[in-house]
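Comments concern the structure below.
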Amino acid sequence: MADLRVTLCGKELKNPVIPASGTFGFGREFDKLYDISVLGGVCTKGLTLAPRAGNPVPRIAESRGVILNAVGLQNPGVDRFIAEDLQWLKQKTRVFANVAGSTVEDYAEICARLDGKVDFIELNISCPNVKCGGMAFGIRPETIRQVTEAAKGSLKRTPLVVKLSPNVESIAANAQAAEAGGADCLSLVNTFTGMAIDVERRKPIIANNTGGVSGAGIKPIAVRMVYEAAHAVDIPVIGMGGIVCAEDAIEFLLAGATAVQVGTQNFTDTFACPKIIEGLNDWCDRHGVKTVSELTGALTLN
């Protein structure tokens with residue numbers, strides 16, 4: 001059997017497969033189906049300082065090869081997560097706490113509350129910045145660097161992962177901005193902005209009108225962006241976007257990712273992550289790969 005262990009920011013993961021934020025809750029429901037300790041880690045649903053009810057329904061729509069969502073960061077708030085879910089989850093696997101905010105100060109505060117309590121903090125910078133007219137923090141390099149610096153300044157013990165938006169002019173420039181702001185790692189891609197229309201009603205299906213697009217259909221774009229980001233920085237990268245099977249995960253590793261996150265496929269197949277882990281081992285055995293980490297960045301261009 002291949003050695004599936006990977007090292008991320010000095011911390012060992014038993015394998016590179018992590019359920020993505022917003023697709024796995026805090027892990028309890030999935031643990032009723034299989035022991036989630038088999039996972040390399042779990043990325044929590046997005047956490048904010050105060051509880052959030054989320055957007056009006058309908059807020060999820062299917063399209064060909066993708067889904068759209070505009071859930072609106074529904075969550076119980078960071079303090080309730082710490083009190084009710086964190087210790088249980090830490091006994092299972094590595095914990096990636098995905099955090100969000102509306103101001104730079106929000107990010108700094110929530111990072112301070114989680115510092116030393118979780119294994120990694122993943123900064124969701126696709127949130128609207130209320131001080132910049134609603135533009136997401138993750139659009140411009142200057143705001144990416146600003147919010148990354150503020151979050152990093154609140155952390156003494158926990159590595160900072162910055163989750164990049166794909167809705168940008170240059171993913172490489174934004175990756176470099178996050179690195180310059182002090183990010184220890186990057187994760188990408190977050191969802192693309194899209195719309196689905198009910199042609200009978202002549203109205204958007206989602207109450208929010210637009211939503212984030214994820215699923216198998218975005219994978220080729222996500223792989224390209226991971227490749228560009230990984231080759232623009234000297235910090236590790238977690239790749240995601242449309243991963244359905246082990247071969248998809250391997251594409252991201254070859255493009256430069258150290259680990260991967262699996263999102264929408266968890267809705268299609270609740271056993272997606274353990275199947276991908278098993279598939280990684282089988283693929284490595286068939287191809288004579290002794291350690292999965294040797295695949296990172298091993299792409300040979302034509």
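The values are calculated or read from the model by the stated rules, or taken from the named source; none is laboratory data. Values in this document were obtained by computation on a predicted structure and should not be read as measured data. As a convention, Cβ positions derive from the backbone with ideal geometry for all residues, glycine included, and neighbour counts pool all protein chains shown. We work out accessible area using only protein heavy atoms, side chains counted, and drop any ligands, DNA or RNA first. Shrake-Rupley method; radii C 1.70, N 1.55, O 1.52, S 1.80 Å.
Within region 169-178, the set of residues being under 17 Å from the mean Cα position of the chain (by Cα) and open to solvent by 10 Å² or more (accessible area, probe 1.4 Å) is empty. For region 262-279, check the following and say yes or no: at least one residue is farther than 25 Å from I171 by Cβ and among the small types (G, A, S). Yes; the residues of region 262-279 include at least one that is farther than 25 Å from I171 by Cβ and among the small types (G, A, S). Take region 207-236 and flag every residue that is open to solvent by 40 Å² or more (accessible area, probe 1.4 Å) and not acidic (D, E). Within region 207-236, A207, N208, N209, T210, A216, G217, P220, I221, R224, Y227, H231 meet the criteria. Does region 95-115 contain at least one residue that is in a loop (DSSP other than H, G, I, E, B), over 27 Å from R157 (Cα atoms) and either among the acidic types (D, E) or without any contact (Cβ under 8 Å) to a residue 40 or more places away in the chain (or both)? No, every residue in region 95-115 fails to be in a loop (DSSP other than H, G, I, E, B), over 27 Å from R157 (Cα atoms) and either among the acidic types (D, E) or without any contact (Cβ under 8 Å) to a residue 40 or more places away in the chain (or both). Among the residues of region 1-16, the one identified as over 19 Å from the mean Cα position of the chain (by Cα) and part of a strand (DSSP E or B) is D3.
Filter region 94-117 for residues that are buried (at least 23 other Cβ atoms within 10 Å of the Cβ) and farther than 26 Å from N15 by Cα and give the result. Those that are buried (at least 23 other Cβ atoms within 10 Å of the Cβ) and farther than 26 Å from N15 by Cα: A100, G101, Y107, I110. Summed over region 23-34, residues that are in a loop (DSSP other than H, G, I, E, B) and either open to solvent by less than 30 Å² (accessible area, probe 1.4 Å) or touching a Gly at 6+ places or on another chain (Cβ under 9 Å) (or both) total 6. For region 54-87, the tally of residues that are closer than 16 Å to C43 by Cα and outside any helix (DSSP H, G or I) stands at 6. Just one residue in the set F137, F120 is modelled with pLDDT under 95, open to solvent by less than 50 Å² (accessible area, probe 1.4 Å) and not basic (K, R); that residue is F137. Could you list, in sequence order, all residues of region 183-206 that are in contact (Cβ under 8 Å) with a residue 12 or more places away in the chain, open to solvent by 10 Å² or more (accessible area, probe 1.4 Å) and over 18 Å from the mean Cα position of the chain (by Cα)? Scanning region 183-206 gives G194, M195, A196, I205. Hey, can you tell me all the residues within region 74-89 that are open to solvent by less than 50 Å² (accessible area, probe 1.4 Å) and either within 23 Å of Q265 (Cα to Cα) or touching a helix residue (DSSP H, G or I) at 6+ places or on another chain (Cβ under 8 Å) (or both)? Matches in region 74-89: N75, P76, V78, I82, D85, L89.
Of the numbered criteria (1) closer than 17 Å to S187 by Cβ; (2) over 17 Å from the mean Cα position of the chain (by Cα), the one E247 fails is (1).
How many residues does region 255-302 hold that are closer than 17 Å to C185 by Cα and open to solvent by 20 Å² or more (accessible area, probe 1.4 Å)? Result for region 255-302: 4. Among the candidates V71, V104, V118, V78, the residue that is among the β-branched types (V, I, T) and closer than 19 Å to G212 by Cβ is uniquely V71. Checking the stated criteria, A232 turns out to be modelled with pLDDT of 95 or more, part of a loop (DSSP other than H, G, I, E, B), over 17 Å from the mean Cα position of the chain (by Cα) and among the small types (G, A, S). Please indicate, with yes or no, whether at least one residue in region 35-47 is more than 29 Å from V6 (Cβ to Cβ), open to solvent by 30 Å² or more (accessible area, probe 1.4 Å) and in contact (Cβ under 8 Å) with a residue 24 or more places away in the chain. Looking through region 35-47, none of the residues is more than 29 Å from V6 (Cβ to Cβ), open to solvent by 30 Å² or more (accessible area, probe 1.4 Å) and in contact (Cβ under 8 Å) with a residue 24 or more places away in the chain.
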